[in-house]
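The values are calculated or read from the model by the stated rules, or taken from the named source; none is laboratory data. Quantities reported herein were computed from a predicted structural model and do not represent experimental measurements. Reconstructed Cβ throughout: ideal geometry from the backbone, glycine too, with neighbour counts over all protein chains shown.
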Amino acid sequence: MPAIIVDGKLISFTIEGSHISCNGAGLDFHVIRQAPGRLVVKTGNSVREIFYSDSGSSIDLSGLNTSVTVEVLSDRELLLRSLDTGESARHRHSEIKAPMPGLVVSINVKNGDSLKRGGTLLILEAMKMENEIRTPSDVTVSEVLVQKGDIVEKDQVIVKLA
């Protein structure tokens with residue numbers, strides 16, 4: 001499910017036709033007019049003009065005397081963020097589990113290696129796509145539990161961290 005971050009808060013959403021659901025609350029909308037940097041949207045009996053600018057990894061929205069920056073997260077980014085909640089993540093994550101079933105294509109670490117946050121531990125192939133399994137924080141690898149060519153199941157522990 002896609003997600004956005006608004007003012008530091010994670011919001012899950014779905015869009016089906018002209019209906020959007022955010023964290024369980026639903027809203028019907030209709031785009032009346034669209035121009036570069038500008039949308040006119042009708043919700044219920046209200047018509048709102050929204051100005052936007054895309055700054056790469058986020059979108060700045062303004063209208064109704066307020067402005068907000070929205071960061072759109074892909075499923076992969078959402079998964080990575082769920083693994084990393086800051087400096088304390090190092091103490092909470094003592095093992096890395098396979099996020100999906102797949103084939104271990106390569107292993108980039110050995111026991112005792114130290115990696116910075118986001119360092120690649122191994123490559124897992126799933127559904128003909130290679131997925132980098134990365135560290136949630138600065139870590140030291142205590143034990144690699146898989147070998148190249150192994151088939152792993154979802155949530156199987158693949159690496160233990162010190």
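Filter segment 49-65 down to the residues that are more than 26 Å from the chain's Cα centre (by Cα) and at pLDDT below 80 and list them by number. Scanning segment 49-65 gives GLY63, LEU64, ASN65. Taking the criterion of being loosely packed, with under 13 Cβ neighbours inside 10 Å and at pLDDT 90 or above, the residues of segment 107-129 that qualify are LYS110, ASN111, GLY112, SER114.
Selection of first residues in segment 117-142 that are in the same structural domain as ILE96 (by TED's automatic domain parsing) and of second residues that are outside any strand (DSSP E or B) and of a type in the set (Gly, Ala, Ser), restricted to Cβ pairs under 6 Å at least 6 apart or on distinct chains, gives the following pairs, ordered by first then second residue: ARG117/SER137; ARG134/GLY118; THR135/GLY119; PRO136/ALA89; SER137/ALA89; THR140/ALA162; SER142/ALA162. Select from segment 1-51 the residues that are in contact with a Pro (Cβ under 9 Å, 6 or more places away or on another chain) and farther than 21 Å from THR69 by Cβ and list them in ascending order. Residue satisfying the conditions is THR14 alone. If the condition is being of a type in the set (S, T, N, Q) and not in a strand (DSSP E or B), then segment 1-50 contributes SER18, ASN23, ASN45.
Only a single item in (1) at pLDDT 85 or above; (2) among the hydroxyl-bearing types (Ser, Thr, Tyr); (3) surrounded by 10 or more Cβ atoms within 10 Å (Cβ to Cβ) is not met by SER46, and it is number (3). Counting only residues that are under 13 Å from GLU132 (Cα atoms), at pLDDT 80 or above and either among the β-branched types (Val, Ile, Thr) or loosely packed, with under 14 Cβ neighbours inside 10 Å (or both), segment 66-105 holds 3 of them.
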